[in-house]
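Student: Submitted below is the structure of interest, expressed as structure tokens.
The values are calculated or read from the model by the stated rules, or taken from the named source; none is laboratory data. Everything numeric here is computed off the predicted structure, so don't read it as measured data. Because the Cβ atoms are built from the backbone with ideal geometry, glycine has one as well, and the counts that use them run over all protein chains shown. Accessible surface is based on the protein model in full, side chains and every heavy atom, while ligands, DNA and RNA are left aside. Shrake-Rupley method; radii C 1.70, N 1.55, O 1.52, S 1.80 Å.
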Amino acid sequence: MAAQDTSISEAAEATRDAPVFVPPADIIEDQSSLLMVLDLPGADPESLDVTLDKRLLRIAARSVPSRPEGYTLQHAEYWDGNYERSFVISEPVDVAKIEAIFKDGVLRLTLPKATPAPAAKISVKAA
């Protein structure tokens with residue numbers, strides 16, 4: 001599996017008010033599946049969008065501020081924004097069995113590899 005280039009040129013014009021982050025990812029593969037683990041701190045679970053179109057896996061989410069009521073922000077090192085990352089999947093995946101779990105700011109995607117079709121005898125009709 002190869003990760004698609006997701007770098008953004010410094011000279012590019014912004015079309016959104018919020019910054020766009022590329023979430024770090026770990027990809028673990030065994031004989032039957034791929035496991036992808038992406039860090040999306042502060043992401044709103046309702047905003048998560050995971051799409052597999054042919055071989056392109058796209059992950060997007062929006063982070064939301066999580067400041068307790070009655071408190072005033074004194075110092076911030078975390079920015080709210082949007083997450084976007086795309087991957088090109090090199091092997092066929094069984095789309096019906098993909099599993100996505102989001103917990104504590106971590107998205108875990110399990111992509112089972114598609115099993116090859118068994119050999120089949122094809123009958124030939126004489127014309």
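Student: Full extension from Gln74 to Asp17: what is 0.36 nm times the residue separation minus their Cα-Cα distance, to one decimal in nm? Display every interim value, and only then the final one.
Tutor: Details: separation 57, 0.36 × 57 = 20.52 nm, distance 2.22 nm.
This chain segment gains 18.3 nm when fully extended.
Student: Kirkwood-based Rg over Rh for the range 18-73 (C-alpha set), two decimals?
Tutor: On the way: Rg = 15.2 Å, Rh = 13.8 Å.
Over the Cα atoms of the range 18-73, Rg/Rh equals 1.10.
Student: If I stretch the segment between Leu56 and Ala127 completely, what's the gain in nm (0.36 nm per residue apart, minus their alpha carbon distance), one decimal? Mind showing how you got there, number by number?
Tutor: Numbers: separation 71, 0.36 × 71 = 25.56 nm, distance 4.25 nm.
Stretched out fully, the Leu56 to Ala127 stretch lengthens by 21.3 nm.
Student: Here's something else I'd like to know. I need the phi-derived Karplus couplings for the range 90-96: 6.51 cos²θ - 1.76 cosθ + 1.60, θ = phi - 60°, integer Hz, Gly and Pro marked x.
Tutor: Whole-Hz 3J(HN,Hα) from phi for the range 90-96: 8, 10, x, 10, 7, 4, 5.
Student: For Cα Rg over 2.2 N^0.38 Å, pick the label among (i) 0.95; (ii) 1.44; (iii) 1.77 that corresponds to the value derived from the coordinates.
Tutor: So the calculated entry is the one marked (ii).
Student: Can you give me the long-range amide H partners of Gly81? Hydrogens built in the peptide plane at 1.01 Å from N, cutoff under 5 Å, separation of 5 or more residues or another chain.
Tutor: The answer is Ser63.
Student: May I pose another question? In the chain, once you exclude exposed GluC sites (Glu not before Pro) (DSSP loop, at most 16 other Cβ within 10 angstrom), what's the longest stretch remaining?
Tutor: Working: sites that count: Glu10, Glu13, Glu69, Glu77.
Answer - 14-68.
Student: Then there is this: May I ask you to give the percent of accessible area on the chain that is carbon plus sulfur, with a probe radius of 1.4 Å?
Tutor: Numbers: 5090 of 9700 Å².
Result for the chain: 52 percent of the exposed heavy-atom area is carbon or sulfur.
Student: Rounded to the nearest whole Å², what accessible area per residue is found for the range 51-127 with the 1.4 Å probe?
Tutor: Numbers: 6190 Å² over 77 residues.
Normalised by residue count, the accessible surface of the range 51-127 is 80 Å².
Student: Let me test this: with uniform point scatterers at the alpha carbons of the range 54-127, what is the Debye-based log₁₀ I(q)/I(0) at q = 0.15, 0.20, 0.23, 0.25 1/Å?
Tutor: Log-scaled intensity ratios, in q order: -0.77, -1.01, -1.17, -1.27.
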